[in-house]
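Below: the structure, in structure tokens.
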Amino acid sequence: MNTYRAYDFIVIGGGPGGIGAAVEASHFGIENILMIEKGENHSQTIRKYYKDGKRVDKDYKGMVVELNGNVDFKDGDKDSTLNYFDKLLDDEKIDVIFNSEVENVVKDGDIFKVTTSNAGFIAKNVIVAIGRMGKPNKPDYKLPASLSNKINFNLDKCSQNENILIVGGGNSAAEYAIALSTNNKVTLNYRKSSFTRLNEINEKTLYECAKNETVSLLLGKDIVQIDNEDGDVKVIFNDNSSNTYDRVVYAIGGTTPVDFLKKCNIALDKEGLPIFDENFETSIKNLFICGDLATASGGSIAIALNHAYQILKYIKSQN
Ligand SMILES: Cc1cc2nc3c(=O)[nH]c(=O)nc-3n(C[C@H](O)[C@H](O)[C@H](O)COP(=O)(O)OP(=O)(O)OC[C@H]3O[C@@H](n4cnc5c(N)ncnc54)[C@H](O)[C@@H]3O)c2cc1C
């Protein structure tokens, strides 16, 4: 990825918090706003987790909220809520990219680099509004419950001197393999015969590791089955070959909010919750969190909309 498209303001996540942020930014006169959403449409939590016809209360679960900003959200049902958010995005002519999962936000000087699997963007202010419903993707085949400690979706349980298989072909898989290779025997398995989604740095570093034999590449082979072999993970591939590993780490898309925050270097408290101030600014200046991500005890649409208004009011006061 060579070029980064520049925006004044980037919102990650197209749920109520993200939509509210984009709309408020537009009301405050910010031009060049981009919203990036991993689903094929906005508001994935509402689409996936609300039953059809569900009543949608503004004062959800009795949490009475007076809306402060420019979004006039009212009681309704699932459809009317989604239609209202459609209209907001259309009316404000917000630039939205769907089907794009943001992998990382890195600050470089005064500018944030926001990276998806196939594109990069830069902006001075970024809001993370990815909610709390995210989870890592799992493979289609069954994973033995007895191996749950040895089959992971992030690096939290990894230690040293293990024989580890990383599964995936994106930047997370490459970064996991590179990070673990200093203290472990690492193999990276990708079902395709070459990598097409890696950024330049990861591609270069990974091929250097492969050349130095600190990471073995196992390309063009797909896993079809995982078995427990005397407490180790036996991996069977589609060419009938098999290998046994101490640990298998899947990096095949999707991520939990806390893993995302860690990747962005946002400081977390002892409970793993993000630290932020009264303007929802994280430990990193000009990087904000909004909505359910900033509501440990359970949020609501109206609460997310008020966060968005507060953040934009603050950003505007700084300029
Ligand atoms: C079953 C149910 C019923 C509810 N009923 C109500 C109700 O009646 N009234 C009410 O006010 N509240 C209700 N809520 C709560 C409300 O839905 C949430 O508080 C609200 O959706 C939070 O908005 P958000 O923008 O913070 O997060 P979300 O709505 O979760 O939106 C986050 C968005 O970010 C996207 N995303 C995640 N990761 C990435 C990434 N890496 N890159 C790009 N995009 C990403 C997701 O796909 C998603 O679209 C309900 C919740 C549930 C689960």
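The values are calculated or read from the model by the stated rules, or taken from the named source; none is laboratory data. The model shown is predicted, which means the values in this text are computed figures rather than measured ones. No Cβ is skipped: glycine too gets one built from the backbone with ideal geometry, and neighbour counts run over all protein chains shown. When the accessible area is computed, the model is the full protein with side chains, heavy atoms only, and any ligands, DNA or RNA have been set aside. Shrake-Rupley method; radii C 1.70, N 1.55, O 1.52, S 1.80 Å.
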Kirkwood hydrodynamic radius of the stretch 1-43, Cα pairs, Å: 11.0 Å
Suppose every Lys and Arg Cβ carries +1 and every Asp and Glu Cβ carries -1, with no other charges. What dipole size does the chain come out with about its Cα centre, to the nearest 20 debye? 360 debye
Which of these, 80, 300, 159, has the largest mean-square fluctuation under a Gaussian network model of the chain (Cα springs below 10 Å)? 159
Using the Kirkwood formula over every pair of different C-alpha atoms, what hydrodynamic radius in Å results for the stretch 5-156? 17.3 Å
Expressed in µm² per second, the diffusion coefficient of the stretch 258-319 from the Stokes-Einstein equation, with Rh the Kirkwood radius over alpha carbon pairs, at 10 °C and 1.306 mPa s, is 132 µm²/s
Around residue 40, with a cut-off of 13 angstrom between Cβ atoms, what is the net charge of the other residues, counting Lys and Arg +1 and Asp and Glu -1? +1
Regarding the chain, what is the average projected area of its C-alpha convex hull, in nm²? 17.8 nm²
Exposure rank, largest accessible area first [191, 197; 1.4 Å]: 191, 197
If one computes P(r) from the Cα atoms of the stretch 145-250, what percent of pairs lie at distances over 21 Å? 29 percent
With charges set only on the Cβ (+1 for Lys and Arg, -1 for Asp and Glu), what does the dipole of the stretch 145-250 come to about its Cα centre, in debye to the nearest 20? 220 debye
Report the one residue of 36, 25, 10 whose Cα lies farthest in the direction of the positive end of the charge dipole of the chain (charges on C-beta: Lys and Arg +1, Asp and Glu -1; origin at the Cα centre). 36
Quickly work out the residue 52-to-residue 3 label distance, labels modelled 7 Å from Cα along the C-beta direction, and quote it in nm with one decimal. 4.4 nm
Electrostatic dipole magnitude of the stretch 244-319 [Cβ: Lys, Arg +1; Asp, Glu -1; Cα centre; debye, to 20]: 220 debye
Output the pairs from 150/221; 107/150; 124/262; 93/138 with a Cα-Cα distance over 24 Å in this structure; if there are none, say none. 107/150; 93/138
The stretch 32-55-the stretch 166-245 distance, computed between alpha-carbon centres (Å): 33 Å
On the full set of protein chains, 1.4 Å probe, figure out the accessible area of residue 263 and give it in Å² to the nearest 10. 60 Å²
For Cα pairs less than 8 Å apart in space and 6+ apart in sequence, what is the mean separation divided by the residue count of the stretch 13-123, i.e. the relative contact order in percent? 30 percent
Test of the criteria: in the stretch 178-229, which GluC sites (Glu not before Pro) are in a DSSP loop and have at most 15 other Cβ atoms within 10 angstrom of their Cβ? 213
Over the chain, with every protein chain in place, what whole percent of the accessible area is carbon and sulfur at 1.4 Å, could you tell me? 45 percent
Give me the aspartates and glutamates in straight-line cross-link reach of residue 58: C-alpha distance below 13 Å, same-chain residues under 8 apart excluded. 66, 72, 75, 77
Among the chymotrypsin sites (Phe, Trp or Tyr not before Pro) in the stretch 217-319, which ones are in a DSSP loop with at most 11 other Cβ atoms within 10 Å of the Cβ? Mind listing them? none
So how much accessible area does residue 209 have, in Å² to the nearest 10, using a 1.4 Å probe? 20 Å²
In this structure, among 51/270; 38/135; 74/313; 211/263; 135/263, pairs with alpha-carbon gaps over 24 Å are 51/270; 211/263
Run the quick spin-label model on residue 107 and residue 319: label points 7 Å from Cα toward the beta carbon, then report their separation in nm to one decimal. 1.8 nm
Residue 103 - accessible surface, heavy atoms, 1.4 Å probe, Å² rounded to 10: 30 Å²
Length-normalised contact order of the chain in % [C-alpha pairs under 8 Å, at least 6 apart]: 22 percent
Checking the cross-link filter: which aspartates and glutamates have an alpha carbon closer than 13 Å to that of residue 48, excluding same-chain neighbours under 8 positions apart? 40, 79
Identify, among 177, 199, 233, the residue whose Cα sits farthest towards the positive end of the charge dipole of the stretch 131-241, taking +1 on the Cβ of Lys and Arg and -1 on the Cβ of Asp and Glu, with the dipole about the Cα centre. 199
